[in-house]
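This report refers to the structure that appears directly beneath it.
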Amino acid sequence: MSMSAGYSMPQQMAHDGKSAETRNLRPNELSTGTTIMAIPFEGGVVMGADSRVSTGSYVANRVSDKVAQLHDRIWCCRSGSAADTQALTDYVKHYLASLAIETGRRPTVKTAAHLMRRLCYENKDRLLAGVIVGGWDPVDGGSVYNIPLGGTCIKMPFAIGGSGSTYIYGLTDSEFKENMTRDEALTLVKKAISHAMARDGSSGGIIRTVTVTEESNDREFIPGNQLPYGPAGW
Amino acid sequence: RKLFALPFIARLLLISLSSNHPKYHSKRSIHTVLEQRIIISIITIFTTPLLLLHLIMSFSLAAGGSTTRASIPGTNTANPAAPGNQRTTRPIVTGTSVIGIKYAGGVMLAADTLASYGSMAKYKNANRLVSINPKTLIGGGGEYSDFQALTTLLRKAALEDRCTADSLYEEDGSEECAREVWNYIRAVMYNRRNKMNPLWNDVVVAGFAQDKDGSTGEPFLGLVDKIGTAYGDDVLATGFGSYLALPILREKYRGDLEEGEARALLEDCMRVLFYRDCRASNRIQIAKVTKEEGVLISDPYELDTSWDSASFVTPKGEIEGDGGW
């Protein structure tokens, strides 16, 4: 078959017409092409995610839970390959549980994030996982760490991730402010994730959030027909 | 066209080679006058049939009708795969499923109004259900620009039909019925496929077939895909719809569906597609073709969706959970 004009040959052959989000997945591998987000506030952190799990263009699960608990007050949002992130979460949960028993103290969010980083970094060629680790601990209060592909671990004032996050960089950059209250943070998380779900084909469904504070973990669920900004758009 | 020039070029070459001017004398110049004439006549004999064939081809059905009607601007018919020419290698802006069903009063189609840019839901108000003439409706999935080009081509033909009819105001049976439009689309798609430059679309055609005496006949629903496969049925769907919606449509189809039932069935299918297709939207359009009123396309509206089943609401990521989703 002759080559097409308008594309340079290496460019054409590199992706072979496959879409960006699925070309590194194995055939039939499930992807949490996703929107995830976390914003810390005074006394805790709000973490949120959409609920769509896709295999290519098919929605394998439209109500999945991408916000996983690693310890009492430490949670992580998962994006990338569903299998890889579930396995990582299981490992980190196990290590944190052992650590809590050995030290007799709550593990810090920093420790949890660095454990996650170790796993992601040392297996970087075998994993497709981008996570946001967040939570509350008595040392730092609410904190958020972003661990993208490759295993970088970086503490952030707020974090967004997943394929849908590209659509909300502008929105979050303009709406975020330092020292938000709990309600402001929750509103922004819901709003930003709705906007990402409206534009990203791999994000959608419902929004699941958890608000982590010293006292409690408050789970919230926003159904797909009550989103702040619906997927139908203008 | 280049073949036209060949005999003349051949003659010029031979004349220059055999010139007796001292400058052009070559030790290897072997052409006597007789040999020149033989060579010229041989070349002419071989090229003339090719020229005639080229002339005939431009009027034949291989081009999908007359050349003026079948050529879509921007495509070079001479050598489509040559460097510098454009051809569709992969779709860029795409529409997803279109579904259709015959019912008691006519035919109904449904499609969402989303044109995606890869995985991005870029254009949320794109019309994918279009009327060609007052009695024919088409819906297209796949590359949106190719669908727009096809629509322009079909509408141009329909306008010519109207303007060259015996009367602008009365039916004379010369307007193309849906079955004719379907067949014409098939010819265009197959022709483009043969040139390795397809219109990257799956097109659903809805309307009525025409009886021999020109009166409107049975309801018609047909599909043409990007390589020119054409078929008709009582229920049809393209894209994801063929996997998710067709089984539902086939299960619930009856010959005597009322308009309200047909519409509810199509909405149910569009809802399932919104739940399960990453490239679908919940803003849809429904269009119907009836004998009395012709084509009617609704405004886009949003579907209701359901997310409050108990197993949906309970979170799964808690530490006591099984680590699943």
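The values are calculated or read from the model by the stated rules, or taken from the named source; none is laboratory data. All values reported here derive from a predicted model rather than from experimental measurement. No Cβ is skipped: glycine too gets one built from the backbone with ideal geometry, and neighbour counts run over all protein chains shown. These accessible areas exclude ligands, DNA and RNA; they are computed on the full protein's heavy atoms, side chains included. Shrake-Rupley method; radii C 1.70, N 1.55, O 1.52, S 1.80 Å.
For region A:195-217, how many residues are assigned to a loop (DSSP other than H, G, I, E, B), more than 7 Å from every other protein chain (Cβ to nearest Cβ) and closer than 28 Å to B:Thr94 by Cβ?
Within region A:195-217, the subset assigned to a loop (DSSP other than H, G, I, E, B) is A:201-206, A:214-216.
This time we only want the ones that are more than 7 Å from every other protein chain (Cβ to nearest Cβ), so: A:203-205, A:214-216.
Remaining after also requiring closer than 28 Å to B:Thr94 by Cβ: A:203-205.
The number of residues fulfilling the criteria is 3.
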- Restricting region B:166-175 to residues that are open to solvent by 30 Å² or more (accessible area, probe 1.4 Å) and out of contact with any helix residue (DSSP H, G or I) (no Cβ under 6 Å at 6 or more places or on another chain), the one nearest to B:Val224 (Cα to Cα) turns out to be B:Ser174
- What pairs come up if the first residue lies in region A:35-61 and is free of Cβ contacts under 8 Å to residues at least 60 places away in the same chain and among the charged types (D, E, K, R), the second is in a loop (DSSP other than H, G, I, E, B) and surrounded by fewer than 23 Cβ atoms within 10 Å (Cβ to Cβ), and their beta carbons are under 9 Å apart, counting only those six or more places apart or on different chains? none
- Note on the structure: (1) of a type outside the set (Lys, Arg); (2) surrounded by 18 or more Cβ atoms within 10 Å (Cβ to Cβ); (3) closer than 21 Å to B:Gly140 by Cβ all hold for B:Ile248 apart from (3)
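When region B:101-117 is examined, which residues are found to be among the β-branched types (Val, Ile, Thr) and within 14 Å of chain A (Cβ to nearest Cβ)?
Going residue by residue through region B:101-117, those that are among the β-branched types (Val, Ile, Thr) are B:101, B:107, B:113.
Selection gives B:Thr113 alone.
Could you count how many residues in region B:103-129 are in a strand (DSSP E or B), open to solvent by 40 Å² or more (accessible area, probe 1.4 Å) and either touching a Pro at 6+ places or on another chain (Cβ under 7 Å) or charged (D, E, K, R) (or both)? Spell out the reasoning first.
Of all residues in region B:103-129, those in a strand (DSSP E or B) come to B:103, B:106-112, B:115-117, B:120-123, B:129.
Add one more test, that the residue is open to solvent by 40 Å² or more (accessible area, probe 1.4 Å), and what stays is B:117, B:120, B:122-123.
Among the residues that remain, those that are also either touching a Pro at 6+ places or on another chain (Cβ under 7 Å) or charged (D, E, K, R) (or both) are: B:122.
The qualifying residues number 1.
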- Within region A:42-72, restricting to residues that are more than 7 Å from chain B (Cβ to nearest Cβ) and over 21 Å from B:Asp322 (Cα atoms), the one that is surrounded by the fewest Cβ atoms within 10 Å (Cβ to Cβ) is A:Glu42
- Item | Selection from region A:73-91 of residues that are open to solvent by 30 Å² or more (accessible area, probe 1.4 Å) and of a type outside the set (A, V, I, L, M) | A:Arg73, A:Gln86, A:Asp90, A:Tyr91
- If you go through B:Arg254, B:Arg271, the only one that is touching a Leu at 6+ places or on another chain (Cβ under 7 Å) and free of Cβ contacts under 8 Å to residues at least 40 places away in the same chain is B:Arg271
- Could you give every pair whose Cβ atoms fall below 6 Å, whose first residue belongs to region A:141-159 and is open to solvent by 60 Å² or more (accessible area, probe 1.4 Å), and whose second residue is small (Gly, Ala, Ser), counting only separations of at least 6 or pairs across chains? A:Leu149/A:Gly130
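Looking for whichever is within 14 Å of chain A (Cβ to nearest Cβ), over 17 Å from B:Ala178 (Cα atoms), in a loop (DSSP other than H, G, I, E, B) and touching a Ser or Thr at 6+ places or on another chain (Cβ under 8 Å) here; the options are B:Thr89, B:Thr94. Which one fits? Break it down stepwise before answering.
Working: B:Thr94 fails: in a loop (DSSP other than H, G, I, E, B).
None of the others qualify; the one that does is B:Thr89.
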- Item | Candidates A:His114, A:His94, filtered to the one that is open to solvent by 50 Å² or more (accessible area, probe 1.4 Å), within 11 Å of chain B (Cβ to nearest Cβ), in a helix (DSSP H, G or I) and on the phi < 0 side of the Ramachandran plot | A:His94
- For region B:221-234, which residues satisfy the criterion of being among the hydrophobic types (A, V, I, L, M, F, W, C) and open to solvent by 10 Å² or more (accessible area, probe 1.4 Å)? B:Ile227, B:Ala230
- Query: Out of the residues in region B:140-153 that are open to solvent by less than 40 Å² (accessible area, probe 1.4 Å) and more than 16 Å from B:Ser97 (Cβ to Cβ), which is nearest to the chain's Cα centre (by Cα)?
  - Reply: B:Leu150
- Considering each residue of region A:75-91, count those that are touching a Lys or Arg at 6+ places or on another chain (Cβ under 9 Å), within 11 Å of chain B (Cβ to nearest Cβ) and charged (D, E, K, R), and give that number. 1
- Task: Among the residues of region A:218-228, count how many are more than 7 Å from chain B (Cβ to nearest Cβ), crowded, with 16+ Cβ neighbours inside 10 Å and not in a strand (DSSP E or B).
- Result: 1
- Message: Looking at B:Leu168, B:Leu114, can you tell me which residue is farther than 30 Å from A:Ser165 by Cα and aliphatic (A, V, I, L, M)?
- Response: B:Leu168
- State yes or no: is B:Leu137 buried (at least 18 other Cβ atoms within 10 Å of the Cβ), over 17 Å from B:Leu221 (Cα atoms) and among the hydrophobic types (A, V, I, L, M, F, W, C)? no
- Task: Output the number of the condition that B:Tyr253 fails; it satisfies all remaining conditions of (1) open to solvent by less than 50 Å² (accessible area, probe 1.4 Å); (2) in contact with a strand residue (DSSP E or B) (Cβ under 6 Å, 6 or more places away or on another chain).
- Result: (1)
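Only one of B:Leu114, B:Leu55 is of a type in the set (A, V, I, L, M, F, W, C) and at pLDDT 90 or above; which?
Values: B:Leu55 fails: at pLDDT 90 or above.
Of B:Leu114, B:Leu55, the one residue that is of a type in the set (A, V, I, L, M, F, W, C) and at pLDDT 90 or above is B:Leu114.
What number of residues within region B:118-144 are within 14 Å of chain A (Cβ to nearest Cβ) and not charged (D, E, K, R)? I'd like the intermediate steps shown before the answer.
Within region B:118-144, the first condition is being within 14 Å of chain A (Cβ to nearest Cβ), and the residues that meet it are B:118-126, B:141-143.
Imposing the further condition that a residue be not charged (D, E, K, R) reduces the set to B:118-121, B:123, B:125-126, B:141-142.
The total comes to 9.
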- Message: Looking only at region A:117-140, filter to residues that are open to solvent by 40 Å² or more (accessible area, probe 1.4 Å) and acidic (Asp, Glu); which one of those is nearest to A:Thr34 (Cα to Cα)?
- Response: A:Asp125
- Message: I'd like the full set of residues that are facing another protein chain (nearest Cβ under 7 Å) and open to solvent by 60 Å² or more (accessible area, probe 1.4 Å), limited to region B:292-307.
- Response: B:Glu302, B:Asp304
- Note on the structure: Requiring at least 1 residues that are at pLDDT below 95 and under 17 Å from the mean Cα position of the chain (by Cα), the helices (runs of 4 or more DSSP H) wholly within region B:173-281 are B:178-194
- Sort through B:Ala280, B:Ala209, B:Ala310 and tell me the only one that's open to solvent by 10 Å² or more (accessible area, probe 1.4 Å), away from every other protein chain (no Cβ under 14 Å) and not acidic (Asp, Glu). B:Ala209
